[in-house]
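S.K.: Here it is, the structure, as structure tokens.
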Amino acid sequence: MTPVLEVTDLDIALPGGADRQYAVSGLNFDVHKGETLCVIGESGSGKSLTGKAILRLLPKPHVRVAQGRILFEGTDLVQIGDESIRKIRGNAISMIFQEPMTALNPVLTIGRQIEEVLIEHTRMSRPERWKRMREILTETNLPDPERILNSYPHQLSGGQRQRAMIAMALILEPKLIIADEPTTALDVTTQAQILRLMKQIQERHGTGLLFITHDFGVVSEIADRVIVMERGRAVESGPVGDVLHAPKHPYTQSLMAAVPSLSPKPRNRTSGQGAPNAPTLVAVENVSKTYPLMGGGSMKAVDNVSLRLGVGETLGIVGESGSGKSSLARLLLRLSEPDEGTIRLDGTDLLALNRSQLRSKRHLFQVVFQDPYGSLNPRWTVGRIIGEGLRLRNEPQRKVLEKSEAMIDLVGLDRKALSRFPHEFSGGQRQRIAIARALIMDPKLLIADEAVSALDVSVQAQILELLDEIKKRLNLSMIFITHDLRVAANICDTIMVMQSGRVVESGPVETIFKAPQQEYTQRLFAAVPGRLTTD
């Protein structure tokens, strides 16, 4: 049977001065009708560049296909003209990008951006287009499709933005879908729904799926075959069962070993850091926040939430997209003002501080955001980004440089990175830069909003170990917002489960993971992808 996609001897050249000559070297694979091929590997392995090369989206001339063929239904996509590839993009081949905030146009509504695909590739009338758009948003589990269509990207949560991107890619039911980490930003229940949706579309239309991911749980759920990439080369490939259950290459084995377990790590909570009797660092009482909705009405994003965080403790906040996790974090950081309630940090009432007083306390609580590209200034070098907080405190330039170098070492990047810009790094590398920027201020509280969701498993394990080590060394307290229950099991002392702005269950991590009491919490655990095959 002729493959829908066939890649032969693909080399993707990097610009002079890069760490290697080719981002991808001698790559061969094919994707058949109705088949899912998963490409897995660490950040910088060439996974995403391979996907972009297929649709001619490489940043030429600096990064380009040096040689090789990319055949789609017999047509070499490397050789055809610009007009021909434009007709294929979004119609016959769709791509779901990893970072929706940068892939979506910030000045156009979601509806206008999805409609553009239908305008370009169909002859539907406007009522027909909007009917189809509502249908696809419903299929991708986006609440209130009419509101979503009329919203701008910044008005949606990270998970909602990603689902809008997925809806845009699926709306014409293409012959090939290239999915670059499409479920990274999604909670486990929505992730399970999206994976089921993709499988249903494959079964109905025989769609080929090239699925780029770092999540072995997702691989076990959706893949037919797997390719493992290391520094641009395929080191192992085969049926999913063979690769996951009997990996032959040492690199594959090391990736499998880095997958966090769903069983909580043993944690000493009887004394010392993170113990129940540790001094209180953060005390939140009855905090609520309501946002007005476009067209009238309101939404209670945070509803009467209270929590206590001890010195040296890590609290995990889990829940579906839209549950209020990130909204609560914004209130704790005073990036938004609550309608009612109190927030105390180390005994200080944060809500009573004026702007000048709050600025003097900002170094005590730092944040690592979910989207590293959106939170890093693209016009600044990494060195300026990391050291800016110290400069605002009028620290000597020599101290700023020394501490920036120490932080870049700490997060595992080369010091040469300080002179480069964010766009020159992979998603995982950008997140490590964001972590370094937060840690340089020596905070007492670190709020990590999906801080490792963009990282491959080996780097994720390193960052989690790093954060745990720093927490112990600095007696740092953390609030760790995540949709990945395995990550929560790996790093958290206590867990707080949120649904529709309210806390539905909380307690020590070992108690919640062993015997969740609430039906909602039980559903979250049941939806963890690949839990039986990778745990």
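The values are calculated or read from the model by the stated rules, or taken from the named source; none is laboratory data. Note that the structure is a prediction, hence the values are computed from the model and not measured. As a convention, Cβ positions derive from the backbone with ideal geometry for all residues, glycine included, and neighbour counts pool all protein chains shown.
S.K.: So which residues in segment 219-248 are among the small types (Gly, Ala, Ser) and at pLDDT 90 or above, if there are any at all?
M.R.: 223, 232, 234, 237, 238, 241, 246
S.K.: Return the residues of segment 203-212 that are surrounded by fewer than 17 Cβ atoms within 10 Å (Cβ to Cβ) and either touching a Gly at 6+ places or on another chain (Cβ under 8 Å) or outside any helix (DSSP H, G or I) (or both); say none if nothing qualifies.
M.R.: 203, 206
S.K.: Determine whether residue 390 is surrounded by 16 or more Cβ atoms within 10 Å (Cβ to Cβ), touching a residue at least 12 places away in the same chain (Cβ under 8 Å) and not assigned by TED's automatic domain parsing to the domain that holds residue 430.
M.R.: When the stated conditions are applied, residue 390 does not pass them.
S.K.: Hand me the list of strands (runs of 3 or more DSSP E) wholly inside segment 1-50 holding 3 or more residues that are within 26 Å of the chain's Cα centre (by Cα) and in the same structural domain as residue 201 (by TED's automatic domain parsing).
M.R.: 22-31, 36-41
S.K.: Can you run down the residue pairs with Cβ atoms below 9 Å, 6 or more apart or on separate chains, where the first is in segment 332-344 and without any contact (Cβ under 8 Å) to a residue 40 or more places away in the chain and the partner is part of a loop (DSSP other than H, G, I, E, B)?
M.R.: Short answer, once both residue conditions are applied: 334/353.
S.K.: Only one residue in 375, 356 is more than 30 Å from residue 183 (Cα to Cα) and either among the small types (Gly, Ala, Ser) or in contact with a Gly (Cβ under 8 Å, 6 or more places away or on another chain) (or both). Which one?
M.R.: After applying the criteria, what remains is 356.
S.K.: OK, next. So, of the residues in segment 115-154 that are within 22 Å of residue 189 (Cβ to Cβ) and touching a residue at least 60 places away in the same chain (Cβ under 8 Å), which turns out to be surrounded by the fewest Cβ atoms within 10 Å (Cβ to Cβ)?
M.R.: Only one residue tops the list, namely 143.
S.K.: Would you confirm whether any residue within segment 427-435 is exposed (fewer than 14 other Cβ atoms within 10 Å of the Cβ) and touching a Phe, Trp or Tyr at 6+ places or on another chain (Cβ under 8 Å)?
M.R.: no
S.K.: Against the condition in a loop (DSSP other than H, G, I, E, B), modelled with pLDDT under 95 and either within 15 Å of residue 457 (Cα to Cα) or over 25 Å from the mean Cα position of the chain (by Cα) (or both), how does residue 260 come out, does it pass?
M.R.: It is true that residue 260 is in a loop (DSSP other than H, G, I, E, B), modelled with pLDDT under 95 and either within 15 Å of residue 457 (Cα to Cα) or over 25 Å from the mean Cα position of the chain (by Cα) (or both).
S.K.: Further, regarding this structure: Could we say that residue 442 is touching a Gly at 6+ places or on another chain (Cβ under 9 Å) and within 30 Å of residue 489 (Cα to Cα) here?
M.R.: Spelling it out, it is not the case that residue 442 is touching a Gly at 6+ places or on another chain (Cβ under 9 Å) and within 30 Å of residue 489 (Cα to Cα).
S.K.: Taking the options 383, 387, name whichever one is within 29 Å of residue 311 (Cβ to Cβ) and in contact with a Ser or Thr (Cβ under 8 Å, 6 or more places away or on another chain).
M.R.: Going through 383, 387 in turn, the sole match is 387.
S.K.: So if I check each of 521, 482, 534, which one is modelled with pLDDT under 85, over 27 Å from residue 381 (Cβ atoms) and of a type in the set (Ser, Thr, Tyr)?
M.R.: 534
S.K.: Of the numbered conditions (1) surrounded by fewer than 18 Cβ atoms within 10 Å (Cβ to Cβ); (2) of a type in the set (S, T, N, Q); (3) not in a loop (DSSP other than H, G, I, E, B), residue 94 satisfies every one except a single condition; which is it?
M.R.: (1)
S.K.: Considering only residues of segment 66-91 that are surrounded by fewer than 14 Cβ atoms within 10 Å (Cβ to Cβ) and among the small types (Gly, Ala, Ser), which is nearest to residue 176 (Cα to Cα)?
M.R.: Of everything passing the filter in segment 66-91, 74 is nearest to residue 176 (Cα to Cα).
S.K.: So, one more: Among 408, 435, 386, which is under 24 Å from the mean Cα position of the chain (by Cα) and more than 19 Å from residue 465 (Cα to Cα)?
M.R.: Within the list 408, 435, 386, the selection yields 386.
Quick grid of which residues meet (1) aromatic (Phe, Trp, Tyr); (2) more than 30 Å from residue 393 (Cα to Cα); (3) in contact with a helix residue (DSSP H, G or I) (Cβ under 9 Å, 6 or more places away or on another chain):
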| position | (1), (2), (3) |
| --- | --- |
| 451 | no, no, yes |
| 471 | no, no, yes |
| 485 | no, yes, yes |
| 498 | no, yes, yes |
| 503 | no, yes, no |
| 509 | no, yes, yes |
